[in-house]
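The values are calculated or read from the model by the stated rules, or taken from the named source; none is laboratory data. As the structure is a computational prediction, the values presented were derived from the model and not from experiment. Cβ: placed from backbone, ideal geometry, glycine included. Neighbour counts: every protein chain shown. Protein only, heavy atoms only, side chains kept; ligands, DNA and RNA dropped before computing areas. Shrake-Rupley method; radii C 1.70, N 1.55, O 1.52, S 1.80 Å.
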Amino acid sequence: MRIGELAIKSGLTTKTIRFYEQAGLLPAPPRTPGGYRDYPSHTVARLSFVRNAQAAGLTLAEIRSVLALRDRGQAPCAQVGVLIEEHLAEIDRRMAELRQTRTALRELARRAAVTDPDTCSAGDICTILTRA
């Protein structure tokens, strides 16, 4: 099928499909005698996988590595499981950092609410952020 039809069936733009091909997520399709890309029908499923993997937070490099395993005839389930666990651990770490940041910001907001700008000296930039 030509790229326009693939775009309709996959819900992607032709530009995105070309980008995925350039990024190594899609193998280069054969060309028609007129030079048009002629994608096999299973490309729709591959594009669906790429979209689902991106929605799960996998990077293009990670997706490429999973697809490379599949293209070599190996089931990539174990690798996908490891990637998911790594992403979950990263989210947990980032959430902990955000909780700490929220606590610090609440304290700064408390300070800001009781700070009188008239008490700041000319040498202070902002006592809300510089007080210990």
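List of remarks:
- Odd one out for residue 124 among (1) in a helix (DSSP H, G or I); (2) surrounded by 10 or more Cβ atoms within 10 Å (Cβ to Cβ): (1)
- Taking every residue in region 20-33 that is closer than 12 Å to residue 47 by Cα and pairing it with any residue that is open to solvent by less than 20 Å² (accessible area, probe 1.4 Å) and part of a loop (DSSP other than H, G, I, E, B), at least 6 positions away or on another chain, the pairs with Cβ-Cβ distances below 7 Å are 20/26.
- Residue check for residue 90: of a type in the set (D, E, K, R) and more than 30 Å from residue 65 (Cα to Cα): no
- Qualifying residue in region 22-36 (condition: touching a Phe, Trp or Tyr at 6+ places or on another chain (Cβ under 8 Å), at pLDDT 95 or above, more than 30 Å from residue 125 (Cβ to Cβ) and assigned to a helix (DSSP H, G or I)): no
- Residues of region 45-85 that are open to solvent by 40 Å² or more (accessible area, probe 1.4 Å), without any contact (Cβ under 8 Å) to a residue 12 or more places away in the chain and not in a loop (DSSP other than H, G, I, E, B): 45, 52, 54, 55, 61, 70, 77, 78, 82, 85.
- Pick from region 43-89, criterion of a type in the set (Val, Ile, Thr) and over 20 Å from the mean Cα position of the chain (by Cα), ranking: nearest to residue 8 (Cα to Cα): 44
- For region 70-114, residues that are touching a helix residue (DSSP H, G or I) at 6+ places or on another chain (Cβ under 8 Å) and of a type outside the set (A, V, I, L, M) total 3.
- Of the residues making up region 23-44, those that are of a type outside the set (Ser, Thr, Tyr) and open to solvent by 70 Å² or more (accessible area, probe 1.4 Å) number 6.
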